[in-house]
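A short reminder: the numbers here are calculations on the coordinates, not readings from a lab. These numbers were taken from a predicted model, which means no experiment stands behind them. Here the Cβ positions follow ideal geometry from the backbone for every residue, glycine too, while neighbour counts run over all protein chains shown.
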Amino acid sequence: MSSFTGLLYKKKFLNESLCFLFSIFLILLSEQTFGKSISNADRKILSAAINGNSRLAKKALQQGASVHARDPLEENFGETPLHKVAFNNDVEFLRFLLSEGADPNLSDERGEITAVYRLSLESVSALLGAKADPYLETTSGINPAVLAADLCSIPLLQILKKAGVDLNRLRERFISIFYRSAGV
């Protein structure tokens, strides 16, 4: 009788072990661990944007990559190649993506827009030239004019003014740009 009990125990232990291993397998394959699945071409264009490799980006686009591919990793908040290039302040790559049809008004999952990533004169000029909405705000209420005023960047404010931005216009939260930057 004891051998029969031992056999049942081993079988129960084996079943519990298999269930445990299977649950670990499911956790490892979940979206939270590896992110949402995307095509290899989209992975290439995102990698190219991170590394500043425009040649790889051209190849990825020829293979069917989207200029609006979203980074699947949770910690990258669904950034597009344009977000990554703007963050790295690679203006030539930024212009290339815009010429390929990248939308300068797309926001990531946090509501951040490319026009406020690493704000530089050249990148803002390129984005405005590609019809970026200068009044578009992030979820935290920041737009290029607000950020330029906060940074006291007169050249950037001049570029925005030349592009037709009304610096006295009230923002969504009914506060003028300069009133906010003055900290009143």
- [ ] Pop a pseudo-label 7 angstrom from the Cα along the beta-carbon direction at both Ser99 and Leu56 and give the gap in nm to one decimal.
- [x] 2.1 nm
Task: For the range 35-181, size of Cβ-based charge dipole, Lys and Arg +1, Asp and Glu -1, in debye - done: 300 debye
Task: Greater than 32 Å apart at Cα, pairs in Lys59/Lys161; Lys59/Lys131; Lys58/Lys161; Lys59/Lys162; Lys44/Lys131 - done: Lys59/Lys161; Lys58/Lys161; Lys59/Lys162
- [ ] Using amide H atoms built 1.01 Å from N in the peptide plane, name the residues 5+ places from Ser107, or on other chains, whose amide H lies under 5 Å from its own.
- [x] none
Task: the range 35-181: relative contact order as a whole-number percent, Cα under 8 Å and 6+ apart - done: 15 percent
